[in-house]
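Okay, so here's the structure we're looking at.
The values are calculated or read from the model by the stated rules, or taken from the named source; none is laboratory data. Please read all numbers here as calculations on a predicted model, not as lab measurements. Backbone-built Cβ (ideal geometry, glycine too); neighbour counts: all protein chains shown. When the accessible area is computed, the model is the full protein with side chains, heavy atoms only, and any ligands, DNA or RNA have been set aside. Shrake-Rupley method; radii C 1.70, N 1.55, O 1.52, S 1.80 Å.
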Amino acid sequence: MAERTLSIIKPDATRRNITGKIIAKLEEAGLRVIAQKRVKWSTADAEAFYAVHKERPFFADLVSFMTSGPIVMQVLEGEDAVACNREVMGATNPADAAAGTIRAEFAESIEANSVHGSDSVENAAIEIAQCFKPEELVG
Ligand code: CMP
């Protein structure tokens, strides 16, 4: 079924100027970028987006990392987009990521892991609404 998911290209990837390489992988996997913007999050932005992780020991470091440079937020559309994007991203920890995935090829560490992707259709809708206005999605 055609779905939408939220993708974020993280500061480690914008810093190394590899956003195009990452987008190519997403497109090759059958995903279509229907909204995209490059922004720099404030601490409040990052804390709000990752609120679900606020009790985790890595939360403060995660917020600090995600505000350390620009990010590229995207809405991706395609067949089973949530699962498709998670497959092409690879495991959270690049040490566990399958060969050929974005994180296996580009991630530096579990924190600087180049991309975020929604983990469910339900969370995708929430995250898309946090990052984009409806009229910014052009399918
Ligand atoms: P992401 O998909 O953006 O969701 C939360 C992020 O926290 C995750 O990717 C990782 O980059 C980051 N993170 C940092 N440390 C850990 C950890 N120990 N376990 C899981 N995620 C972590």
Number of the condition not met by Ala99 [criteria: (1) without any contact (Cβ under 8 Å) to a residue 40 or more places away in the chain; (2) of a type outside the set (S, T, N, Q); (3) within 16 Å of the ligand (Cβ to nearest atom); (4) open to solvent by 20 Å² or more (accessible area, probe 1.4 Å)]: (3)
Here are the criteria: (1) within 12 Å of the ligand (Cβ to nearest atom); (2) without any contact (Cβ under 8 Å) to a residue 24 or more places away in the chain; (3) not basic (Lys, Arg). Tell me which single one Glu111 does not satisfy. (2)
Does Asp80 count as within 17 Å of Asn113 (Cα to Cα) and not hydroxyl-bearing (Ser, Thr, Tyr)? no
Give me the residue from the range 50-83 that is farther than 18 Å from Ile18 by Cα, in a helix (DSSP H, G or I) and open to solvent by less than 20 Å² (accessible area, probe 1.4 Å) and, out of that set, farthest from the ligand (Cβ to nearest atom). Ala81
Val33 meets each of (1) under 19 Å from Ile126 (Cα atoms); (2) in contact (Cβ under 8 Å) with a residue 60 or more places away in the chain; (3) more than 13 Å from the ligand (Cβ to nearest atom) with one exception, condition (2)
Over the range 6-24, the set of residues surrounded by 14 or more Cβ atoms within 10 Å (Cβ to Cβ) and out of contact with any Phe, Trp or Tyr (no Cβ under 9 Å at 6 or more places or on another chain) is Ser7, Ile9, Thr14, Thr19, Ile23
In the range 28-45, is there at least one residue being under 21 Å from Phe106 (Cβ atoms), touching a Ser or Thr at 6+ places or on another chain (Cβ under 7 Å) and open to solvent by 40 Å² or more (accessible area, probe 1.4 Å)? no
